[in-house]
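Written out below as structure tokens is the structure these notes cover.
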Amino acid sequence: MTLRVFRPDGFRSTLIWSALSLIGAGMAYFGETRLAMAGGVIVAYLAMCVGVLRAHRRRSRQVGANTVRGNADNTVVLVAYASQTGFAEQLAVQTAQLFRRAGRVVQLESLDTLGFDALMRYNQALFIVSTTGEGDAPDNAVSFVRKVMSAGAAQSLQTLHYAVLALGDRNYRDFCAFGHMVDRWLRDRRAQSLFDLIEVNNGDPAALRLWHERLSSSAFEGGDEVLTPLSGTRWILDQRNLLNPGSAGNPAFHVCLKPDDPAALNWQPGDIAEIRPQHPEAVVAAWLRMLCLDGDTAVDCDRKIIKLSEAISTRTLPVKVDVLRGQSPQVIVDSCEPLPSRKYSISSLPADGRLELLVRQARYPDASSSEGIGLGLASGWLTRHAPPDASISVRVRTNRGFHAPSDDRPLILIGAGTGLAGLRAHLKHRAECGHRRNWLIFGERSAAHDTFHADEIAHWRAAGVLERLDQVWSRDGGEYRYVHDAIRGAAGHVQQWVEGGASIYVCGSAQRMAQTVQAALVDVIGEARVDSLREAGRYRRDVY
């Protein structure tokens, strides 16, 4: 590859900008952490990367006599990621693959494998980091925070040139907090930021375009390709059954989707389904009436010619419609961003022939509703508004951090509420493999109304798939009310299982259950032991 000579002072050379632009373009391939069409973004990202590579080749040809063949191609680019649900990791993997195909030397690392001395060896780095819970670092970055970022000595990283893409969800108070923490830490150590950190809310295509533009404008003076969100794989709504009639909690449903293409039955226990929701037909119709638009008008949406009503059903609709009055249908579609997707733990195996979810309705007061209650966009779509046999757009995403162990080691599976979904997939897999040393600790409100998949769990217990089962009910007044109480109550057994090689899998709410479970585990086996289990891959969490 023919490149301009790299001069470290000022970091102005085309070489470094080109390298980081390629990385940034690769990063726009996806978007983390439960988003705006992550599956669509990944396809759009590939298209953008092709454009960046073409632009780079064009620019290289134009350099002509002013270029020399240098050895800077061998400069190693660090792509470091912090990922809770696999989103940032998958994006980082794709980035590394693209650069290797372009002839670059890339080092792909999880943050927890990096030390300060390792960082000092690089002069180019891209950090792709998500935030989990209330501003927390993902599990695979906890040791980096404690051992590297929290180290007392403020050593210098002044030779490191970096960019940060922070992935998060604005529904949480501390949006992209860990990304900002990493950025501040790098700046404090005099690392040189190429541009301000870029935040991505649920894979927002506009933020990904900004990432692309910031990088490519510095190196390629624009590009031919445009980020265009595309739909995921088509699935059909097969069944949805209420699991907790009479419960004091919000309704929870067992939702089953069958594939339009059997080849889509391809995932592992622990993986995640990203659902692209749609607005109910009544909402779309009312919105079109306000703008006096014909829903049958043909428009171009995601490079497909479809009806305006269909296009609008997948778009974020502005509350104030006056700014859109008088605009053409195509302009309106182009001005509305795609609806964010939502993540759900997959509770079935490919061998079941369908993708199964456990979905609780999100509810909020809504005076405009006849019931006085509004439903969350994705949960409402899946549990009420989508008609039978409706087409559901799904992207199955690998979540390597919650995959099953490759051996028959004991498992302690801990979850509450709809967190049972991810644990159910593991238990189905363990039963299929004949691995019987499994302990399920599960909590819900009431044994009378909230025993999700009770017959299946009873069968596993009777068949010996579950060696131990602890169920706790917060509203029934038993000895233990919550799963963390059950963990402390069985402290001796937890210690024995861990010493016997058990791994611990936790699935459920990051804001409530996951934090109290971790506190209980620290009380029972000690903080150092919890940390060592995490670093050894024996403490894994799918939290949201």
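The values are calculated or read from the model by the stated rules, or taken from the named source; none is laboratory data. On a predicted model such as this, the values are computed, not experimentally measured, just so you know. Counting neighbours? That spans all protein chains shown, and the Cβs are built from the backbone with ideal geometry, glycine included.
Cβ-Cβ distances below 8 Å connect the following pairs, each with a first residue in segment 119-136 that is acidic (Asp, Glu), a second residue that is part of a loop (DSSP other than H, G, I, E, B), and a separation of six or more residues or different chains: GLU134/TYR172; GLU134/ARG173; GLU134/ASP174; GLU134/ALA510; GLU134/GLN511; ASP136/ALA510. Taken over segment 196-220, the criterion of being among the charged types (D, E, K, R) and at pLDDT 80 or above is satisfied by ASP196, GLU199.
Determine whether ARG488 is more than 14 Å from GLY419 (Cβ to Cβ), at pLDDT below 95 and more than 26 Å from the chain's Cα centre (by Cα). Quick ask: steps written out before the conclusion?
On the way: more than 14 Å from GLY419 (Cβ to Cβ): yes; at pLDDT below 95: no; more than 26 Å from the chain's Cα centre (by Cα): yes.
Considered against the rule, which asks whether it is more than 14 Å from GLY419 (Cβ to Cβ), at pLDDT below 95 and more than 26 Å from the chain's Cα centre (by Cα), ARG488 comes out as no.
Only one of the numbered conditions (1) surrounded by fewer than 13 Cβ atoms within 10 Å (Cβ to Cβ); (2) within 21 Å of the chain's Cα centre (by Cα); (3) modelled with pLDDT under 95 is not met by ARG303, and that is (2).
When you look at SER193, is it surrounded by 17 or more Cβ atoms within 10 Å (Cβ to Cβ) and either among the small types (Gly, Ala, Ser) or modelled with pLDDT under 90 (or both), yes or no? If you could, list the steps in order and put the result at the bottom.
Details: surrounded by 17 or more Cβ atoms within 10 Å (Cβ to Cβ): no; either among the small types (Gly, Ala, Ser) or modelled with pLDDT under 90 (or both): yes.
Spelling it out, it is not the case that SER193 is surrounded by 17 or more Cβ atoms within 10 Å (Cβ to Cβ) and either among the small types (Gly, Ala, Ser) or modelled with pLDDT under 90 (or both).
Counted as qualifying within segment 436-519 are the strands (runs of 3 or more DSSP E) with 2 or more residues that are in contact with a Lys or Arg (Cβ under 6 Å, 6 or more places away or on another chain), namely 438-444, 503-508. Of the residues making up segment 433-477, those that are farther than 19 Å from ALA421 by Cβ and acidic (Asp, Glu) are GLU467, ASP476. Considering the conditions (1) loosely packed, with under 14 Cβ neighbours inside 10 Å; (2) within 23 Å of VAL359 (Cβ to Cβ); (3) modelled with pLDDT of 95 or more, ALA282 is excluded by exactly one of them, (3).
THR418 fulfils the conditions (1) hydroxyl-bearing (Ser, Thr, Tyr); (2) within 25 Å of GLY464 (Cα to Cα); (3) touching a strand residue (DSSP E or B) at 6+ places or on another chain (Cβ under 9 Å); (4) part of a loop (DSSP other than H, G, I, E, B) except for a single criterion, (4).
Checking the stated criteria, TYR482 turns out not to satisfy the condition of being assigned by the TED database to the domain that holds HIS426 and touching a Leu at 6+ places or on another chain (Cβ under 6 Å). Of the residues making up segment 221-248, those that are modelled with pLDDT of 95 or more and on the phi < 0 side of the Ramachandran plot are TRP235, ILE236, LEU237, ASP238, GLN239, ARG240, ASN241, LEU242, LEU243, ASN244, PRO245, SER247. Only residues that are within 18 Å of the chain's Cα centre (by Cα), surrounded by fewer than 24 Cβ atoms within 10 Å (Cβ to Cβ) and of a type in the set (Val, Ile, Thr) were counted across segment 80-134, and they come to 1.
Residues that are of a type in the set (Asp, Glu) and over 30 Å from the mean Cα position of the chain (by Cα) occur in segment 493-506; there is at least one. Put simply, of VAL506, VAL483, VAL522, VAL498 the only residue that is loosely packed, with under 15 Cβ neighbours inside 10 Å, among the β-branched types (Val, Ile, Thr) and touching a helix residue (DSSP H, G or I) at 6+ places or on another chain (Cβ under 8 Å) is VAL522.
Which ranges mark the strands (runs of 3 or more DSSP E) fully within segment 233-278 that have 3 or more residues being surrounded by fewer than 19 Cβ atoms within 10 Å (Cβ to Cβ) and of a type in the set (A, V, I, L, M)?
Numbers: elements: 233-242, 252-259, 272-276.
Output list reads 233-242.
Out of the residues in segment 348-367 that are loosely packed, with under 11 Cβ neighbours inside 10 Å and either in contact with a strand residue (DSSP E or B) (Cβ under 8 Å, 6 or more places away or on another chain) or not assigned by the TED database to the domain that holds ASP238 (or both), state the one that is farthest from LEU420 (Cα to Cα).
First, pick out the residues of segment 348-367 that are loosely packed, with under 11 Cβ neighbours inside 10 Å: 351, 364-365, 367.
After this cut, where a residue has to be either in contact with a strand residue (DSSP E or B) (Cβ under 8 Å, 6 or more places away or on another chain) or not assigned by the TED database to the domain that holds ASP238 (or both) as well, the list is 364-365.
Numbers: TYR364: 24, PRO365: 27 Å.
My answer is PRO365.
In segment 311-322, is there at least one residue being of a type in the set (Asp, Glu) and outside the structural domain of ALA362 (by the TED database)?
Step one: list which residues in segment 311-322 are of a type in the set (Asp, Glu), which gives 322.
Still in the running and outside the structural domain of ALA362 (by the TED database): 322.
The answer is yes, given that some residue of segment 311-322 is of a type in the set (Asp, Glu) and outside the structural domain of ALA362 (by the TED database).
Out of ARG436, ARG409, ARG430, I need the residue that is of a type in the set (D, E, K, R), out of contact with any strand residue (DSSP E or B) (no Cβ under 8 Å at 6 or more places or on another chain) and more than 15 Å from LEU357 (Cβ to Cβ). Which one?
ARG436
Scanning segment 144-185 for residues that are of a type in the set (A, V, I, L, M) and surrounded by fewer than 18 Cβ atoms within 10 Å (Cβ to Cβ) yields ALA151, ALA153, ALA154.
When you look at LEU126, is it in the same structural domain as ALA92 (by the TED database), of a type outside the set (Val, Ile, Thr), in a strand (DSSP E or B) and touching a helix residue (DSSP H, G or I) at 6+ places or on another chain (Cβ under 7 Å), yes or no? Give the derivation first.
On the way: in the same structural domain as ALA92 (by the TED database): yes; of a type outside the set (Val, Ile, Thr): yes; in a strand (DSSP E or B): yes; touching a helix residue (DSSP H, G or I) at 6+ places or on another chain (Cβ under 7 Å): yes.
It is true that LEU126 is in the same structural domain as ALA92 (by the TED database), of a type outside the set (Val, Ile, Thr), in a strand (DSSP E or B) and touching a helix residue (DSSP H, G or I) at 6+ places or on another chain (Cβ under 7 Å).
Among the residues of segment 386-407, those that are part of a loop (DSSP other than H, G, I, E, B) and touching an Asp or Glu at 6+ places or on another chain (Cβ under 9 Å) comprise PRO387, PRO388, ASP389, THR398, ASN399, HIS403.
Could you list all residues from segment 421-435 that are part of a helix (DSSP H, G or I) and out of contact with any His (no Cβ under 7 Å at 6 or more places or on another chain)? Within segment 421-435, ALA421, GLY422, LEU423, ALA425, HIS426, LEU427, LYS428, HIS429, ARG430, ALA431, GLU432, CYS433 qualify.
For the criterion of being surrounded by 19 or more Cβ atoms within 10 Å (Cβ to Cβ), under 26 Å from ASP271 (Cβ atoms) and either basic (Lys, Arg) or not assigned by the TED database to the domain that holds LEU423 (or both), ARG540 passes.
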